[in-house]
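Participant: Quick one: the structure is below, questions incoming.
The values are calculated or read from the model by the stated rules, or taken from the named source; none is laboratory data. Worth saying up front: this structure is predicted, and the values here are computed from it rather than measured. Cβ placement follows ideal geometry from the backbone for every residue including glycine, while neighbour counts extend to all protein chains displayed. Side chains included, ligands, DNA and RNA excluded: accessible areas come from the protein's heavy atoms. Shrake-Rupley method; radii C 1.70, N 1.55, O 1.52, S 1.80 Å.
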Amino acid sequence: MPTSRGEGQEPDHPTTTILRRGGGDGGGTGGDAAGDGGAAPRQVWVPGPVIVGAGPSGLATAACLKARGVPSLVLEKDACVAASWRHRTYERLRLHLPRCFCELPLAPFPPGTPPYPTRDQFVAYLDGYARAFGIAPRLGARVRSAAYDAAIGFWRVTADEGAEGGGATATEFVSRWLVVATGENAEPAWPEGVEGMDGYRGVAMHTSSYKKGDEFRGKNVLVVGCGNSGMEVSLDLCNNGAKASMVVRDKLHVLPREILGISTFGLSVFLLRWLPIKRVDSVLLFFSRLILGDTEKYGLPRPKIGPLQIKSSTGKTPVLDIGALRKIRNGEIKREILQVVPAINRFTENGVEFIDGHREDFDAVIFATGYKSNVPSWLKEEEFFSHADGFPRKPFPHSWRGKNGLYAAGFTRKGLMGTSYDALRIAGDIVDQWSEAFASPTVAHRSSDHRA
C-alpha cells in the first residue's frame, strides 16, 4: 500500500496524486494490471470516489458530491460526456417523459426548453450540467478491471488510456470508494441463435447505429423489436418513405403519451400516491382503450398483468405511443405502410423466414433489441452485482449501495428519476464517511465498510 502522496499532482486532475510511475516492478493488480510487456501500470491515488462512466448517472453523482465538498474522479471510455446520448441515438429522438421527470439533481432545464426535450437539447443540458459543477472527466480512459483489495481497504481500478490497439497506457487508480455508473444501456444487445444471419446480404444494424430514415427511402425494412425504440424507428422510416415491417415477439402495453392533456407518466405518479398499483393500471388501461382502441386488432395483444405492475416486477417499460399506432391502423397508404409481422425463424440470403413459414425479402433489418450492462466484463466482484445481467442483485430502492465502498448509480430500471435517487443517496453516504482522515492513503479499513 502506498504510504505517501508520491511525486506530485496530476496537472489535469488536481484531485489525484501519482504514487508510482509506470514501467517499474511494482505489484499493482497482478496479471490484470500489467501493461505492455508485463510492466506495472502507473499508480494514481484518488482521495475521493472513482466514478466509472460520464453519462447522466456519473455526472449526477459527481455533482452531488462536489456540491457537498467531496472531490471525485470520473473515468469515461469515450471522448466526450454523454457519449451514448450524443452518438448512439437517432436524430428524431425526444425524451418520452416531461422534462420535470428528467432533470438531474440541483439543476433544472434552462428556460424555454419544451416539455419533451429533443436529443440535442438533452445533450446540451448534460454539457451545461458538467460545466456548471466543474466536472472534468478523464476522457478516453477505458476501465479494464476493478477489484477490491481487502489487505488495504481500497479499490484498484485499472484503465487503459490513449489509442487502442497496442498504443494505450495502463493506469491503476487507487480509491476508497468506487461508483459504477456505466448504466443499464452500456452496450447494444443483439439477438442470439438466429439461424442464417451471417449469410444475409442486406444491411443489418442495431438502433444504436440508426440516425434517420431518409437513407432508407423506398426500401423494404424490417424492424425487430416493438419497444419505444422500435416503434419510434418504425415511425421515422414511414415518415421518410420507407416500407417498414415490425416484428412483435411478445405481448406489450401501448399507452398514449398523454391522457386529457396530462402526461401519462405524470398522471400515474400522482395516482400512485393515493391508489394501489392495480387500480392505477385499471385507470391507465381504461383511457388507453378509449384513446387508442383495441390494440390486439393490429397485432399488438396486451399482457394480462397491468403496465405498472410489469414495470415494477420486470423493469419492462410500456410503449408510449407518439404516432406509430396510427400508421399501423392506416396501413392502406402503401408507401408509408407499417405492418406487424410474427417472430423470425431464420434469415435467408435476401430477407427472413418467419415462424409461420412465409418468407419476405428485406433491404435492411434494424434490431431494436435493447441494450445491456457491461459491468461483468470488468468488475471483479460477485456479491453485489449479478454476473447474469450486470445489475445489482438487490431491487430498487436498495440497489445503490454494496459493501466495501462499492456503489451503483443508474441501475434502477426507473430512468432518469432513478438516476437522481441513486446520485443523492450515494453522495450522502460518502459525505457521511468523508473526513480529513480519509484523505490519506494510509487510512485503515473500518468496520462500517462492510455494511450492506
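Participant: In this structure, is K327 in contact with a helix residue (DSSP H, G or I) (Cβ under 8 Å, 6 or more places away or on another chain) and modelled with pLDDT under 85?
Facilitator: Values: in contact with a helix residue (DSSP H, G or I) (Cβ under 8 Å, 6 or more places away or on another chain): yes; modelled with pLDDT under 85: yes.
When the stated conditions are applied, K327 passes them.
Participant: Among the listed residues G112, G69, which satisfies the condition of being assigned to a loop (DSSP other than H, G, I, E, B), more than 15 Å from the chain's Cα centre (by Cα) and touching a residue at least 40 places away in the same chain (Cβ under 8 Å)?
Facilitator: None of the other options fit; the residue is G69.
Participant: Mind counting the residues in the stretch 352-387 that are among the small types (G, A, S) and under 21 Å from N404 (Cα atoms)?
Facilitator: Of the stretch 352-387, the ones among the small types (G, A, S) are 357, 364, 368, 370, 373, 377, 386.
Retained after the next criterion (residues that are under 21 Å from N404 (Cα atoms)): 377, 386.
So the count comes out to 2.
Participant: Test T89 against the criterion of being part of a helix (DSSP H, G or I) and open to solvent by less than 40 Å² (accessible area, probe 1.4 Å), and give yes or no.
Facilitator: no
Participant: Next question, about the same structure. Looking at the stretch 292-309 only, could you name the residues that are at pLDDT 90 or above and either within 23 Å of R273 (Cβ to Cβ) or assigned to a helix (DSSP H, G or I) (or both)?
Facilitator: I305, G306, P307, L308, Q309, listed by residue number.
Participant: Which members of the stretch 260-292 meet the condition of being exposed (fewer than 14 other Cβ atoms within 10 Å of the Cβ), within 18 Å of I322 (Cα to Cα) and touching a residue at least 12 places away in the same chain (Cβ under 8 Å)?
Facilitator: L260
Participant: Among the numbered criteria (1) in a loop (DSSP other than H, G, I, E, B); (2) modelled with pLDDT of 95 or more; (3) open to solvent by 10 Å² or more (accessible area, probe 1.4 Å), which single criterion is violated by L97?
Facilitator: If we test L97 against (1) in a loop (DSSP other than H, G, I, E, B); (2) modelled with pLDDT of 95 or more; (3) open to solvent by 10 Å² or more (accessible area, probe 1.4 Å), just (2) comes out false.
Participant: Right, A242: open to solvent by 40 Å² or more (accessible area, probe 1.4 Å) and aliphatic (A, V, I, L, M) or not?
Facilitator: Numbers: open to solvent by 40 Å² or more (accessible area, probe 1.4 Å): no; aliphatic (A, V, I, L, M): yes.
So A242 does not fit the description; no.
Participant: Take residues that are farther than 29 Å from Y210 by Cα, modelled with pLDDT under 90 and open to solvent by 10 Å² or more (accessible area, probe 1.4 Å) and tell me which of the strands (runs of 3 or more DSSP E) falling wholly in the stretch 351-449 contain 3 or more.
Facilitator: Here the list is empty.
Participant: Just to be sure before I move on: is G153 modelled with pLDDT under 95 and crowded, with 16+ Cβ neighbours inside 10 Å in the structure I sent?
Facilitator: Taking the combined requirement at face value, the residue satisfies it.
Participant: Run I135 past the list (1) surrounded by 20 or more Cβ atoms within 10 Å (Cβ to Cβ); (2) under 16 Å from the mean Cα position of the chain (by Cα); (3) of a type in the set (A, V, I, L, M, F, W, C); (4) more than 28 Å from C238 (Cα to Cα) and report the number of the one that doesn't hold.
Facilitator: Condition (2) is where I135 drops out.
Participant: For the stretch 293-322, name all the residues that are among the basic types (K, R), crowded, with 18+ Cβ neighbours inside 10 Å and in contact with a helix residue (DSSP H, G or I) (Cβ under 8 Å, 6 or more places away or on another chain).
Facilitator: If the condition is that a residue be among the basic types (K, R), crowded, with 18+ Cβ neighbours inside 10 Å and in contact with a helix residue (DSSP H, G or I) (Cβ under 8 Å, 6 or more places away or on another chain), then R302 is the only one that fits.
Participant: Cβ-Cβ below 7 Å, separation at least six or inter-chain, first residue in the stretch 341-367 and farther than 14 Å from E195 by Cα and aromatic (F, W, Y), second open to solvent by 70 Å² or more (accessible area, probe 1.4 Å) and not in a strand (DSSP E or B): which pairs?
Facilitator: Filtered contacts from the stretch 341-367: F367/W190.
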